[in-house]
Every structure is written in structure tokens, then in C-alpha cells.
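Participant: Mind looking over this structure? Questions follow.
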Amino acid sequence: MCNPLRLTYRCSRPVHFTRKMSPSLFNFSDAKERFTSATRIALDSKTSKTLINAFNQTPGTETEKKTTLDQAFRSVLEEEIIQRKASCEDFLGLIYLSIDGVTEGICSATTPFLLLGDVLDCLPLDQCDKIFSFVEENVSTWKSNSFYSAGKNYLLRMCNDLLRRLSKSQNTVFCGRIQLFLARLFPLSEKSGLNLQSQFNLENITVFNKNEQESTLGQKHPEERDDGMEVEEGEMGDEEAPTTFIKKQASLKIQSGPEKSSIPIDYNLYRKFWTLQDYFRNPLQCYEKYSWLTFLKVILITVLGLFF
């Protein structure tokens, strides 16, 4: 049995409680205001030191501060677009600042891509061209470990949105730049660029002349025939005659000079070259023995043999 006197003695000893200091509470409004002000200062000074100091001095968890800084970036961008109507250089300066923020670990990795998407959605196509030049120049940055996983889907969506806005007939160069950028960004194994279900556009048929009798290869163009016509005296003035003589001499040099192409451009090459398009349209026919032999020996070796 326990001794009651001893138990009383133990219970009568004074107990000291240590009060644990609670961390400072995070205030979203104050933090956003501080980050917004620091972002403007950093944008004017073109350095992220002010932003890093504001991030370190603000109480709260890292996740809370990162989320707030992301909102501050987008708020400053909104003001630049709507109120101040800034130039493309100002937008790019803010995006550069967000890239530095990701490198320093003070904002989310998706922030630069969100800013790029907001800018491209709000600008006309002529200014989108300048912004996309920045995207092309920094492809090595987007492919780095810090950005690729977080931003590849944003970049793909951004490029698809641009392609929808562009005209394939009037903006062919811009569309081609976007396609080349995607080819540089994503590896060959990327699922978004693979035809996993083997669905082909069989209706995309290339029409070419399959009758040799109707082929115009080897015939001179009407303009070439006109240039080779003899000119009688009195049909041209004295000032035009030397020019005609020079043109005829240049034509003779092109036809007989060493720079003349050695590739025989005839109907046989024309037919085999454009027959390749049918295999690209429907690659499954290469699984047939006869089609594969035709593709490999007759067409591919013949066409590629002319260039190597």
C-alpha cells in the first residue's frame, strides 16, 4: 500500500508551467500589400533583393507566403495591363522577376507560366509575337528541372490557344514557330505528341499527275520561251538592247555552267517522290509485304539516293 503521507508530500510540491510562445499569426491582407509594394520596387530596380527581404521578414509559413506572393505578382500584372497600359518590356520584366522568385524559392514554379498566359490572353497578336520571342529564347529554362514538370502543360495550353487565334493562311510563319517550339520543348516520347491509337487522316489524299503523257516536266515555261526569242532590229531602243544582251549571256551561263543541277528531274522522279505521301498518310500499309518492298526498294532508295 502507498504511504498517504508520502503521497501528500509529492502532491504538495510546487509545479512550474512553462508557457510556449505561439508563432505570429499570418495576415493575408497585410502580406499581400507588403509583397505588392516590394514587387513594384523590384520591378523598377530590376532586382529581386527587395522581394526576397520582404518574403523573409513576413511572418507565416512558407506555403502561405508563396501563395500570397503569387497573388501579388498577378495583381501587379493586372494593374500594368489595365491601368498603366505598360509595354511588352514591362511585362517581360515582371516575368523575369517571377523566374528569379522561383529560383530563389519564394514563389510557386507555376507563377511564370500563369503570368505568360495572362499576358498573351490580353494582348493583340502583333504584341503576342514579341512575347513569344521571349518564350522561344528561354526554352532551356523551361526544360530545366525547376520548371519543366510544373509548366509543360501550361505551355502546351498556351501554344494551343495561340494557334486557335492565328490564321493558318495569313500567319503561317508564327504558326510554324509555335510548332517548332513545341518540338524543341517536348521529347519524342511525350504522350501529347504521339498517335497512341494509330488514327490517321486517310482523307488527306495528295493529288498529282499519274499520266506521263499529260506531264509538263521538261517543257519550258512561257516566260523562258519569251526570254529566248530572237529580237529583230528596230523592236527595242538603244538603251534596252544592252540589257537584253546581258540577260541572254546570263541565261547561257546558267544552262551550261558548272552550277547546273546534276539531279535528273523527270516524270519518274516526280511520280516516286509524291507517291511517298501515300505512305505517310497511311503507314499501316507498310505491314503488307508488297507495299513494304515497294516503299523500301523502289521509292525510298530511289528518292534518297538522289540526295546522298
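The values are calculated or read from the model by the stated rules, or taken from the named source; none is laboratory data. These numbers were taken from a predicted model, which means no experiment stands behind them. Positions of Cβ are backbone-derived with ideal geometry, glycine not excepted, and every protein chain shown enters the neighbour counts. Protein only, heavy atoms only, side chains kept; ligands, DNA and RNA dropped before computing areas. Shrake-Rupley method; radii C 1.70, N 1.55, O 1.52, S 1.80 Å.
Participant: Given the criterion hydrophobic (A, V, I, L, M, F, W, C), more than 26 Å from the chain's Cα centre (by Cα) and surrounded by fewer than 16 Cβ atoms within 10 Å (Cβ to Cβ), identify the matching residue among I41, I52.
Facilitator: Numbers: I52 fails: surrounded by fewer than 16 Cβ atoms within 10 Å (Cβ to Cβ).
Among I41, I52, only I41 is hydrophobic (A, V, I, L, M, F, W, C), more than 26 Å from the chain's Cα centre (by Cα) and surrounded by fewer than 16 Cβ atoms within 10 Å (Cβ to Cβ).
Participant: Any residue at all in segment 225-235 that's modelled with pLDDT of 80 or more and either out of contact with any Ser or Thr (no Cβ under 6 Å at 6 or more places or on another chain) or assigned to a loop (DSSP other than H, G, I, E, B) (or both)?
Facilitator: At the first step, the residues of segment 225-235 found to be modelled with pLDDT of 80 or more are none.
No; the residues of segment 225-235 include none that is modelled with pLDDT of 80 or more and either out of contact with any Ser or Thr (no Cβ under 6 Å at 6 or more places or on another chain) or assigned to a loop (DSSP other than H, G, I, E, B) (or both).
Participant: Collect the residues in segment 165-183 that are outside any helix (DSSP H, G or I) and either open to solvent by 60 Å² or more (accessible area, probe 1.4 Å) or polar (S, T, N, Q) (or both), keeping them in residue-number order.
Facilitator: S167, K168, S169, Q170, N171
Participant: Could you tell me which numbered condition I205 fails, if it satisfies all but one of (1) among the hydrophobic types (A, V, I, L, M, F, W, C); (2) loosely packed, with under 13 Cβ neighbours inside 10 Å; (3) without any contact (Cβ under 8 Å) to a residue 40 or more places away in the chain?
Facilitator: Every condition holds for I205 apart from (3).
Participant: With K248, K297, K289 as the choices, which residue is at pLDDT below 50 and open to solvent by 60 Å² or more (accessible area, probe 1.4 Å)?
Facilitator: From the options K248, K297, K289, the qualifying one is K248.
Participant: Check off (1) touching a Pro at 6+ places or on another chain (Cβ under 8 Å); (2) modelled with pLDDT under 90; (3) of a type in the set (A, V, I, L, M, F, W, C) for I81 and give me the number that stays unchecked.
Facilitator: Only one criterion is unmet by I81, namely (1).
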